[in-house]
Amino acid sequence: MRILVTGGTGFIGSHTICELLARGYEVVVIDNLLNSSISCLEKIKEITGKEVKFYKGNVQNKELLTSIFKENKIEGVIHFAGLKAVGESVKKPILYYDNNLSSTLTLIEVMSEFNCKNLVFSSSATVYGNPEKLPLTEDCRIGGTTNPYGTTKLMIEQILQDVYVSDPEWSIAILRYFNPIGAHPSGLIGENPNGIPNNLMPYIVKVATGELPKLQIFGNDYNTKDGTGVRDYIHVVDLAKGHIKAIEKINNKTGIDCYNLGTGIGYSVLDLVRTFQEVNQIEIPYEIVKRRPGDVEAIYANPDYAKKELGWSAKKSIEEMCRDSYNYILKTKK
Ligand code: NAD
Ligand code: UFG
């Protein structure tokens, strides 16, 4: 089966491609390399011994997408391409709405023209806004997103629901990721954002390598076990495997459904810092600063539905996440 992976040279896309290739899928990638590097394709080859067909370009480019579908018999699409920096989206909302929404609309249009109606979409736990209850089940209220990035995910979920209503031949899996961290155990692919990271694990890693002097912890006055924010961190390899299960699922039946991809366990910022220190035997200096606007206190999944419907559950521990995140950076810096 041939899968088009949009945003395939990115963090989650590259790990998912490794899982697809390992299972005999053929992979075609489109990415404009706005937030990734072409060198990732060589690393994927090193890991899997297999090659993918790559198109450099924007998913908003209808002519390019059309030629990709003409040149390759695409049977399903995993749509990762999108901009994802929460803070940047607040400053550049038009860029985010334009990029994330119009690339999805163009993709759906072209898929429909080529009668390819199997789609896996990268959504986010951010669609739950301030959680109605914990742990979150897929039927919990969505909405109340606190930034344009989150709102693009919410809007795309709605668009996909409407597309399905208009044409029930579609088969769509909406995957709501919790907090992906970690890296491929080979240390060849992982996450290495340019500049100062927004997210916790990339920041911790840069403190560990000495690129940044200390971590700032955004608030220790939340109503959590140690006062710091609680999240459901999930190893990116586990997450990648969830996409294989989703592709298998949508290949067999039409419909639209949402799945939480998380571990079901909430760890605090201090839990993550301590575990990182222990596993990697390195000190992470930190200071407590005021809360970051827009942050929720605690959010974690109930992952039972994905287990029941997709036969998927996360296997890797927080220790493996901390070890693999650091290992990747050490290997990349060599
Ligand atoms: P990433 O930035 O590493 O990968 C996204 C890729 O898409 C990049 O390679 C980028 O160059 C490409 N891209 C962006 N816009 C494009 C366009 N218009 N045309 C072609 N390529 C384009 O991000 P990631 O962490 O791998 O995330 C993948 C998806 O998962 C995104 O949609 C993101 O919003 C979603 N998601 C990520 C997280 C997370 O914490 N990493 C959490 C929830 C959801
Ligand atoms: N944090 C710090 N210091 C930092 C960075 C983060 O204390 O330098 C804290 C945050 O306050 C929060 C926790 O670490 O309590 C996790 O923060 P992240 O920025 O790593 O992750 P978020 O949960 O805020 O957001 C992430 C993605 C969003 C996505 C969301 C849900 O950035 O895109 O997970 O999937 F929508």
When residue 162 is evaluated against the numbered criteria (1) part of a helix (DSSP H, G or I); (2) touching a residue at least 12 places away in the same chain (Cβ under 8 Å); (3) of a type outside the set (S, T, N, Q); (4) out of contact with any Phe, Trp or Tyr (no Cβ under 7 Å at 6 or more places or on another chain), which criterion, by number, is the only one it fails? (2)
Out of everything in region 19-50 that is touching a residue at least 40 places away in the same chain (Cβ under 8 Å), touching a Lys or Arg at 6+ places or on another chain (Cβ under 9 Å) and part of a helix (DSSP H, G or I), what residue ends up being farthest from ligand 2 (Cβ to nearest atom)? 44
Set 228, 224, 263: member being within 30 Å of residue 77 (Cα to Cα) and not basic (Lys, Arg): 263
How about region 194-242: which of its residues are under 23 Å from residue 176 (Cβ atoms) and exposed (fewer than 15 other Cβ atoms within 10 Å of the Cβ)? 198
Quick check on residue 181: is it β-branched (Val, Ile, Thr), at pLDDT 95 or above and within 9 Å of ligand 2 (Cβ to nearest atom)? yes
Kindly indicate whether any position in region 95-104 is within 20 Å of the chain's Cα centre (by Cα) and either part of a loop (DSSP other than H, G, I, E, B) or modelled with pLDDT under 95 (or both). no
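Residues are listed down the side, and each one gets a yes or a no for (1) at pLDDT below 95; (2) away from ligand 1 (no atom under 11 Å from the Cβ); (3) of a type in the set (S, T, N, Q):
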{"residue": "3", "(1), (2), (3)": "no, yes, no"}
{"residue": "7", "(1), (2), (3)": "no, no, no"}
{"residue": "12", "(1), (2), (3)": "no, no, no"}
{"residue": "20", "(1), (2), (3)": "no, yes, no"}
{"residue": "39", "(1), (2), (3)": "no, yes, yes"}
{"residue": "43", "(1), (2), (3)": "no, yes, no"}
{"residue": "55", "(1), (2), (3)": "no, no, no"}
{"residue": "58", "(1), (2), (3)": "no, no, yes"}
{"residue": "63", "(1), (2), (3)": "no, yes, no"}
Quick one: in region 227-261, which of the residues that are more than 16 Å from residue 299 (Cβ to Cβ) and of a type in the set (Asp, Glu) is nearest to ligand 2 (Cβ to nearest atom)? 238
Would you confirm, using the coordinates I've provided, whether residue 319 is in contact (Cβ under 8 Å) with a residue 24 or more places away in the chain and exposed (fewer than 14 other Cβ atoms within 10 Å of the Cβ)? yes
Tally time: how many residues in region 116-151 are surrounded by fewer than 17 Cβ atoms within 10 Å (Cβ to Cβ), closer than 30 Å to residue 251 by Cβ and hydroxyl-bearing (Ser, Thr, Tyr)? 1
Leading residue by the ranking (farthest from the chain's Cα centre (by Cα)) among those in region 115-133 that are more than 14 Å from ligand 2 (Cβ to nearest atom) and either farther than 30 Å from residue 68 by Cα or assigned to a loop (DSSP other than H, G, I, E, B) (or both): 115
Output the strands (runs of 3 or more DSSP E) that fall wholly within region 203-300 and possess 1 or more residues being more than 16 Å from ligand 1 (Cβ to nearest atom) and acidic (Asp, Glu), or say none. 255-261, 286-289
Take the conditions within 19 Å of the chain's Cα centre (by Cα), touching a residue at least 60 places away in the same chain (Cβ under 8 Å) and either crowded, with 16+ Cβ neighbours inside 10 Å or more than 30 Å from residue 197 (Cβ to Cβ) (or both) and apply them to residue 83. Does it pass? yes
Where the second residue is polar (S, T, N, Q) and surrounded by fewer than 24 Cβ atoms within 10 Å (Cβ to Cβ) and the first is at positive phi and lies in region 114-140, which pairs have Cβ atoms under 7 Å and are six or more apart or on separate chains? 129/145; 129/146
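The values are calculated or read from the model by the stated rules, or taken from the named source; none is laboratory data. Note that the coordinates shown come from a computational prediction; the quantities given were computed from them, not determined experimentally. Here the Cβ is made from the backbone with ideal geometry for all residues, glycine too, and neighbour counts use every protein chain on show.
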